[in-house]
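Student: Below are the C-alpha cells for one structure; questions will follow.
Nothing in this text is a laboratory measurement; each read-out follows from the coordinates by a stated rule. Since the model is a prediction, treat every value here as computed from it, not as a measurement. Positions of Cβ are backbone-derived with ideal geometry, glycine not excepted, and every protein chain shown enters the neighbour counts.
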Amino acid sequence: MGNLDPAVIQSSKSITLYNCGLTVIENMVFLILKKWDMTVLFGSLFGYLIACLCFLLIGISVQKAMKKEPKQAQLYMQKTSMGRTLIMAVSVFVAIKVSFFNWVAAVIPLFFTRISISLIHLTKKKGE
C-alpha cells in the first residue's frame, strides 16, 4: 500500500471488515423482506466499495495533513472532505441512474462506516 502509515492500513482493514459484515446483514434483511434480487447485491456492493474507498481517503488525507502547518492542514482537510462528499453524491446519482443497481441498497452502506466505527469502539478492550 505504498507509504501508508500502519495505523491507516489497520483502520482501513477494520472498517472494511465491519462494513462487509453490515453489507451481508443488509442483504439478509432484503432477503427476509422478500425484496432481494441481483440489483440489491450489486447496489450494496457498489455502496460498500464507495464507503470503504471514502474511509481510506480520509486516512490518506489525515496522514498528509499531519505533515502540514495547522492552517494549511485545516484547509487541506476541508478540501478533501468536499472531494469525498462529491464522490458520494456522484455514487448516489450513478446508483439511481444505473438499472442494475438497487439505489436504496447502494445508499445504505454509505452509513456503515459510522456504524462500524461505533461498533469497533464498543468492542474495543481497555488499553487497545
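Student: Output the residues belonging to the stretch 15-48 that are closer than 15 Å to VAL92 by Cα and touching a Ser or Thr at 6+ places or on another chain (Cβ under 9 Å).
Tutor: Listed by number, the residues that qualify are THR39, SER44, LEU45, PHE46, GLY47, TYR48.
Student: Within the stretch 63-83, is even one residue farther than 22 Å from VAL8 by Cβ and crowded, with 18+ Cβ neighbours inside 10 Å?
Tutor: Checked the stretch 63-83: no residue is farther than 22 Å from VAL8 by Cβ and crowded, with 18+ Cβ neighbours inside 10 Å.
Student: Could you say which residue among ALA51, ALA65 is over 24 Å from SER99 (Cβ atoms) and either touching a Leu at 6+ places or on another chain (Cβ under 6 Å) or not β-branched (Val, Ile, Thr) (or both)?
Tutor: ALA65
Student: Looking at the stretch 51-63, can you tell me whether even one residue there is part of a helix (DSSP H, G or I), in contact with a Pro (Cβ under 7 Å, 6 or more places away or on another chain) and of a type in the set (Ser, Thr, Tyr)? Don't jump to the end; show me each part of the working.
Tutor: Step one: list which residues in the stretch 51-63 are part of a helix (DSSP H, G or I), which gives 51-63.
From the residues that got through so far, the ones that are in contact with a Pro (Cβ under 7 Å, 6 or more places away or on another chain) too are 51.
Imposing the further condition that a residue be of a type in the set (Ser, Thr, Tyr) reduces the set to none.
No.
Student: For the stretch 64-112, give me each residue that is assigned to a loop (DSSP other than H, G, I, E, B) and more than 18 Å from the chain's Cα centre (by Cα).
Tutor: Once the filter is applied, which keeps residues that are assigned to a loop (DSSP other than H, G, I, E, B) and more than 18 Å from the chain's Cα centre (by Cα), the stretch 64-112 yields MET66, LYS67, LYS68, GLU69, VAL98, SER99, PHE100.
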